[in-house]
Amino acid sequence: MFKLKLPTDPRWANIAESNLEEILTDHAWCEQKAATNSITLITMLPEHPEIVSELLSIAQEELEHFQQVHEIIKARGYVLGRARKDDYVNDLAKFIVQGSRENLIIDRMLFAAMIEARSCERFKVLTETIKDEELKVFYRELMISEANHYTTFIGFARQLGDPDKVNKRWEEWLEYEAEVIKGYGTKETIHG
């Protein structure tokens with residue numbers, strides 16, 4: 001899926017399911033951060049109205065996901081809890097090039113695509129593994145949404161830069177992410 005080099009070990013879903021309050025809280029905050037990332041990209045691309053419009057839609061959708069997760073948390077008698085640091089995302093951010101504005105924006109798009117791709121893959125693992133029927137359905141729906149976001153971010157990167165160079169850089173992101181993800185999969189978090 002998405003050419004990810006290292007799939008998630010299905011045992012991660014068992015870890016996640018062992019503490020649903022924690023995984024749901026982490027997931028809620030991941031959605032908030034995804035919305036914030038789209039808004040940040042908007043500030044970098046005001047001269048591209050079609051991209052801004054799509055990023056606004058993504059930001060709104062991510063906030064809707066945040067709300068959906070929060071409603072599940074409340075319905076189960078859990079408490080949202082404080083925002084969590086996402087070490088996986090922070091490790092990925094280290095790979096963003098700090099060169100020209102164009103390269104930075106393209107890398108930010110690929111960074112967003114990578115997070116969406118891994119999140120989609122994790123949601124797929126959850127739908128195939130966990131016993132909670134409500135969450136199976138919920139994560140299946142989100143898996144589709146994340147796949148669409150992944151496609152959008154990759155498309156924007158190719159639109160903003162030379163497609164061949166973007167594809168080459170995406171391969172580098174895939175290799176880097178494979179090394180990063182080796183250190184994860186043992187915590188009750190979406191990327192942990």
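No value in this document is a laboratory result; all are computed from the given coordinates. Please read these numbers as outputs of a predicted model, since none were measured by experiment. Neighbour counts are summed over all protein chains in view; Cβ atoms, including those assigned to glycine, are modelled from backbone coordinates with ideal geometry.
Yes/no matrix, rows are residues, columns are (1) of a type outside the set (S, T, N, Q); (2) within 26 Å of Trp173 (Cα to Cα); (3) part of a helix (DSSP H, G or I):
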position: Pro7; (1), (2), (3): yes, yes, no
position: Thr25; (1), (2), (3): no, no, yes
position: Glu31; (1), (2), (3): yes, yes, yes
position: Asn37; (1), (2), (3): no, yes, yes
position: Thr43; (1), (2), (3): no, yes, yes
position: Glu62; (1), (2), (3): yes, yes, yes
position: His70; (1), (2), (3): yes, no, yes
position: Ile73; (1), (2), (3): yes, no, yes
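Does segment 125-133 contain at least one residue that is among the hydrophobic types (A, V, I, L, M, F, W, C), within 23 Å of Gly185 (Cβ to Cβ), touching a residue at least 12 places away in the same chain (Cβ under 8 Å) and part of a loop (DSSP other than H, G, I, E, B)? Within segment 125-133 (the criterion being among the hydrophobic types (A, V, I, L, M, F, W, C), within 23 Å of Gly185 (Cβ to Cβ), touching a residue at least 12 places away in the same chain (Cβ under 8 Å) and part of a loop (DSSP other than H, G, I, E, B)), the answer is yes, since at least one residue qualifies. The set of residues in segment 39-55 being touching a Leu at 6+ places or on another chain (Cβ under 6 Å) and closer than 11 Å to Ile105 by Cβ consists of Leu41, Ile51. Kindly indicate whether any position in segment 105-126 is under 18 Å from Leu20 (Cα atoms) and among the charged types (D, E, K, R). For segment 105-126, residues under 18 Å from Leu20 (Cα atoms) and among the charged types (D, E, K, R): present.
State all residues of segment 124-139 that are surrounded by fewer than 16 Cβ atoms within 10 Å (Cβ to Cβ) and out of contact with any Leu (no Cβ under 9 Å at 6 or more places or on another chain); if no residue qualifies, say none. Scanning segment 124-139 gives Glu128, Lys131, Glu133, Glu134, Val137.
Scanning segment 76-123 for residues that are of a type in the set (A, V, I, L, M), in a helix (DSSP H, G or I) and either surrounded by fewer than 18 Cβ atoms within 10 Å (Cβ to Cβ) or touching an Asp or Glu at 6+ places or on another chain (Cβ under 8 Å) (or both) returns Leu92, Ala93, Leu104, Met114, Ala117.
A single member of Ser57, Ser100 is small (Gly, Ala, Ser) and closer than 24 Å to Glu177 by Cβ, and it is Ser100. Is at least one residue of segment 27-48 among the hydroxyl-bearing types (Ser, Thr, Tyr), crowded, with 16+ Cβ neighbours inside 10 Å and within 30 Å of Gln159 (Cα to Cα)? Yes, segment 27-48 contains a residue that is among the hydroxyl-bearing types (Ser, Thr, Tyr), crowded, with 16+ Cβ neighbours inside 10 Å and within 30 Å of Gln159 (Cα to Cα).
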